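Peer 1: Input: one structure, supplied below.
The values are calculated or read from the model by the stated rules, or taken from the named source; none is laboratory data. Small disclaimer: the values here were computed from a predicted structure and weren't measured. Virtual Cβ from ideal backbone geometry, glycine too; neighbours counted across all protein chains shown. The protein model used for the area step is the full one, side chains on, heavy atoms only, and it has no ligands, DNA or RNA in it. Shrake-Rupley method; radii C 1.70, N 1.55, O 1.52, S 1.80 Å.
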Number of protein chains: 2
Amino acid sequence: MPRDDISAVYRLNVSPAMAAHRAQMLALEQSVEMPLEAVTDRRVLDEVLARVDRIEPQADGTSLARLQLACESVGEDAGQLMNMLFGNCSLQPDVELVDIEVPASLAQAFGGPNLGIDGLRRLTGAVGRPLTCTALKPIGSTVDQLADLCRTFAQAGIDVVKDDHGWANQAGSPFAERVAACQRLVQEANAASGRRTLYAPSLYGTHVQMQRQIELARTHGVGAVLIAPLVCGVATFNALKREHPDLAFIAHPAFGGAARIAPPVLLGKLFRLFGADAVIFPNHGGRFTYPVQTCQDIARNNRAPWHGLHPALPVPAGGMSVERVPEIRREYGVDTMLLIGGSLLIAREKLAERSRAFVEAVAAPDEVAA
Amino acid sequence: MPRDDISAVYRLNVSPAMAAHRAQMLALEQSVEMPLEAVTDRRVLDEVLARVDRIEPQADGTSLARLQLACESVGEDAGQLMNMLFGNCSLQPDVELVDIEVPASLAQAFGGPNLGIDGLRRLTGAVGRPLTCTALKPIGSTVDQLADLCRTFAQAGIDVVKDDHGWANQAGSPFAERVAACQRLVQEANAASGRRTLYAPSLYGTHVQMQRQIELARTHGVGAVLIAPLVCGVATFNALKREHPDLAFIAHPAFGGAARIAPPVLLGKLFRLFGADAVIFPNHGGRFTYPVQTCQDIARNNRAPWHGLHPALPVPAGGMSVERVPEIRREYGVDTMLLIGGSLLIAREKLAERSRAFVEAVAAPDEVAA
């Protein structure tokens, strides 16, 4: 009888002759974590032990090994899924996680995005074009400075104004004051313009702390939050998402490591699985070095049909500029959110002008990708 | 006026001619996260912007850059410390974090181990020798099978019997039943032997869930827990540690990645800083590939004087065997906990005998390192 398994593909950086043995060791490591001959229980061997499904030698000398991991070993806990996929073997430099597939039951258990692309369009009123996003920088600013930025960005018509991911509860700009002031200025600008800019504060700390932060933010009318799932833990992220089914979650890739988990898996599948409505990722040609294909795979995975989960908005970021908007729009199409941070702020006294230029460049109809 | 800074040393895998520029970019990335010319506030430039303190070209062509990060940017949140140390730059493959130093104020804020080495010795009664530890495997076992293992291990006199880190709340062996049964059998064996074996269940999920797990475990008399700080998030780990100042926390390295944060920093300093009383790490010569020097640095950092924090017990693990006990003991000395898991279980019907052999090998007085 076939098991209802999680499928995980690993790249093994070992010689092809060693690949089968290495894959079998990996199957033990990522399930029973003991020598096969020490397992005495037939049921564990049949139903819990990970299985090597297939090994494919690659042109570059590595091998791809597909393993089947028993859902039973995860128990519907997001942290435990990461643990079984890449907990111990993250410590082994010859292994990378390059793809995953989960059964529909597990996808439903984690639930994916609350709102997804359509929901974010409803919240912001942004239709038929990419969404725009910017960040409140730098940390060290006062609440008043950030609130001023909020007003400028909202007046310019930017769809989502998010805290920089460096914001926590720093003494100079405590969470409670920052959120109250930023949300108020955004709402005032919305009331004047008839638009629906969203402000997304950055969550910090633990599940308990984040529950309080969300409660507080909601009393001010906040409808979206920024969260770094690998800093707070994916279980915390997934729990909050389920506790607040009407809230939009924008996921930040901080602490995601470089390439040990292939970015299209981590930022394209896992973040969405656990509940990201929008996923920020380092676009090529900026301060980060992801190749073009990696970026496109991240975007594709976030939007692809997947067990009925809402698609999530890919958010190319990391050193983007207004000048690159037409290129990014052509590359990613309309179901995208463009995030420009520092490159707006560099305009200094011309910030409002440059923010409007960003909004207009994204909306320009003749540039919309086919 | 000198700032009360966090000091972080990064290895830059760029040409020596580029090192100064790269270090400056890194300082921006890990603090204000925007171009320098966009920062308009003098105070932010003076007090928040990370500074490049020193750059040292290395013989291997890389450079070591020491950066000073403002404590203000962390705000006493453990997740935020990880974020500022390695959040965004974890996504940049040319950077590794190779050392950190924190001011005494931050060390006091996080607090370090509750009990430390002396406290674990008091709890277990293990004096003048290394401690012994084993793990309940494999996942998929029933509660009765695990409870049987607990009795055997406790009767053999092993100091700490911990859940494998793959245990969460799997349907076949739910947390509540597992913990009740395992703790009961350990206590019965202790009552008969007069010894004080500790059972440490594995925590899973979020801060909220872990609070409940600890509460439940404590009603049964549990005095130690196993936690994977990089799976649950370091803020969750640090919060629980502070909420339960009499509980011992054994930290598991799962999801720690390979070498992007140097293991002596992650497993030698950061885990201890956030509250690990004992730190499990992959010893050389087992299933993992850390070099000898890395392992010794992990052990040294866990035990070195550091702002008055308790020292933590290094726990070399990952494919260790009874045969290697004399070697491991010579290498690590008495202030160590030896963890042998699968290599005990492989004895199958001779498990009790082999467990006693482990305990005796560790206690053998003529083998104690000078």
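Peer 1: Any residue in the stretch A:169-176 that is surrounded by fewer than 17 Cβ atoms within 10 Å (Cβ to Cβ), at pLDDT below 95, among the aliphatic types (A, V, I, L, M) and in a loop (DSSP other than H, G, I, E, B)?
Peer 2: Yes: one or more hits.
Peer 1: Kindly indicate the residue of the stretch B:198-212 that is open to solvent by 10 Å² or more (accessible area, probe 1.4 Å) and either part of a loop (DSSP other than H, G, I, E, B) or free of Cβ contacts under 8 Å to residues at least 40 places away in the same chain (or both) and also nearest to residue B:241 (Cα to Cα) among those meeting that condition.
Peer 2: B:211
Peer 1: Follow-up question, since we're still on this one. Looking for something within 13 Å of another protein chain (Cβ to nearest Cβ), touching a Gly at 6+ places or on another chain (Cβ under 6 Å) and of a type outside the set (D, E, K, R) - is there at least one such residue anywhere in the stretch A:106-118?
Peer 2: no
Peer 1: In addition: Anything in the stretch B:29-70 that is surrounded by fewer than 20 Cβ atoms within 10 Å (Cβ to Cβ) and among the hydrophobic types (A, V, I, L, M, F, W, C)? List them, or say none.
Peer 2: B:36, B:38, B:45, B:52, B:55, B:59, B:64
Every residue, every condition in (1) within 25 Å of residue A:339 (Cβ to Cβ); (2) of a type outside the set (A, V, I, L, M); (3) assigned to a strand (DSSP E or B); (4) at pLDDT below 95, yes or no:
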residue	(1), (2), (3), (4)
A:59	no, no, no, no
A:65	no, no, yes, no
A:99	no, yes, yes, yes
A:118	yes, yes, no, no
A:122	yes, yes, no, no
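Peer 1: Hey, can you tell me all the residues within the stretch A:71-107 that are crowded, with 20+ Cβ neighbours inside 10 Å and at positive phi?
Peer 2: A:75
Peer 1: In the stretch B:261-298, which residue that is in a helix (DSSP H, G or I) and over 11 Å from the mean Cα position of the chain (by Cα) is nearest to residue B:110 (Cα to Cα)?
Peer 2: In this case the residue turns out to be B:297.
Peer 1: In this structure, does residue A:233 turn out to be facing chain B (nearest Cβ under 9 Å) and over 26 Å from residue A:121 (Cβ atoms)?
Peer 2: Details: facing chain B (nearest Cβ under 9 Å): yes; over 26 Å from residue A:121 (Cβ atoms): yes.
Taking the combined requirement at face value, the residue satisfies it.
Peer 1: Name the residues in the stretch A:236-255 that are open to solvent by 10 Å² or more (accessible area, probe 1.4 Å), facing chain B (nearest Cβ under 8 Å) and more than 13 Å from the chain's Cα centre (by Cα), would you?
Peer 2: A:239
Peer 1: Would it be correct to say that residue A:163 is crowded, with 24+ Cβ neighbours inside 10 Å and within 30 Å of residue B:209 (Cβ to Cβ)? If you could, list the steps in order and put the result at the bottom.
Peer 2: Details: crowded, with 24+ Cβ neighbours inside 10 Å: yes; within 30 Å of residue B:209 (Cβ to Cβ): yes.
Yes.
Peer 1: Here is a follow-up. Could you list all residues from the stretch B:119-146 that are within 16 Å of residue B:199 (Cα to Cα) and within 14 Å of chain A (Cβ to nearest Cβ)?
Peer 2: B:134, B:135, B:136, B:137, B:143, B:144, B:145, B:146
Peer 1: With the requirement that a residue be within 14 Å of chain B (Cβ to nearest Cβ) and touching a strand residue (DSSP E or B) at 6+ places or on another chain (Cβ under 7 Å), what does the stretch A:86-105 give you?
Peer 2: A:86, A:89, A:91, A:94, A:95, A:96, A:97 - these are the residues of the stretch A:86-105 that are within 14 Å of chain B (Cβ to nearest Cβ) and touching a strand residue (DSSP E or B) at 6+ places or on another chain (Cβ under 7 Å).
Peer 1: Then there is this: Please state which one of B:153, B:110 is surrounded by 22 or more Cβ atoms within 10 Å (Cβ to Cβ) and touching a strand residue (DSSP E or B) at 6+ places or on another chain (Cβ under 8 Å).
Peer 2: Going through B:153, B:110 in turn, just one is surrounded by 22 or more Cβ atoms within 10 Å (Cβ to Cβ) and touching a strand residue (DSSP E or B) at 6+ places or on another chain (Cβ under 8 Å): B:153.
Peer 1: Here is a check on your reading of the model: is residue B:3 within 14 Å of chain A (Cβ to nearest Cβ), charged (D, E, K, R), closer than 24 Å to residue A:291 by Cβ and open to solvent by less than 60 Å² (accessible area, probe 1.4 Å)?
Peer 2: The answer is no for residue B:3.
Peer 1: Tell me which helices (runs of 4 or more DSSP H) are completely within the stretch B:309-367 and hold 2 or more residues being open to solvent by 20 Å² or more (accessible area, probe 1.4 Å) and under 24 Å from residue B:148 (Cβ atoms), or say none if there are none. Write out each step before concluding.
Peer 2: Details: elements: B:325-332, B:342-345, B:351-363.
Filter on the stretch B:309-367 gives B:351-363.
Peer 1: For the stretch B:291-308, check the following and say yes or no: at least one residue is modelled with pLDDT under 95 and surrounded by 21 or more Cβ atoms within 10 Å (Cβ to Cβ).
Peer 2: Among the residues of the stretch B:291-308, not one is modelled with pLDDT under 95 and surrounded by 21 or more Cβ atoms within 10 Å (Cβ to Cβ), which makes the answer no.
Peer 1: Which of (1) within 9 Å of another protein chain (Cβ to nearest Cβ); (2) surrounded by 22 or more Cβ atoms within 10 Å (Cβ to Cβ); (3) farther than 28 Å from residue B:108 by Cβ does residue B:23 not meet, given it meets every other one?
Peer 2: Checking residue B:23 against (1) within 9 Å of another protein chain (Cβ to nearest Cβ); (2) surrounded by 22 or more Cβ atoms within 10 Å (Cβ to Cβ); (3) farther than 28 Å from residue B:108 by Cβ, the one that fails is (1).
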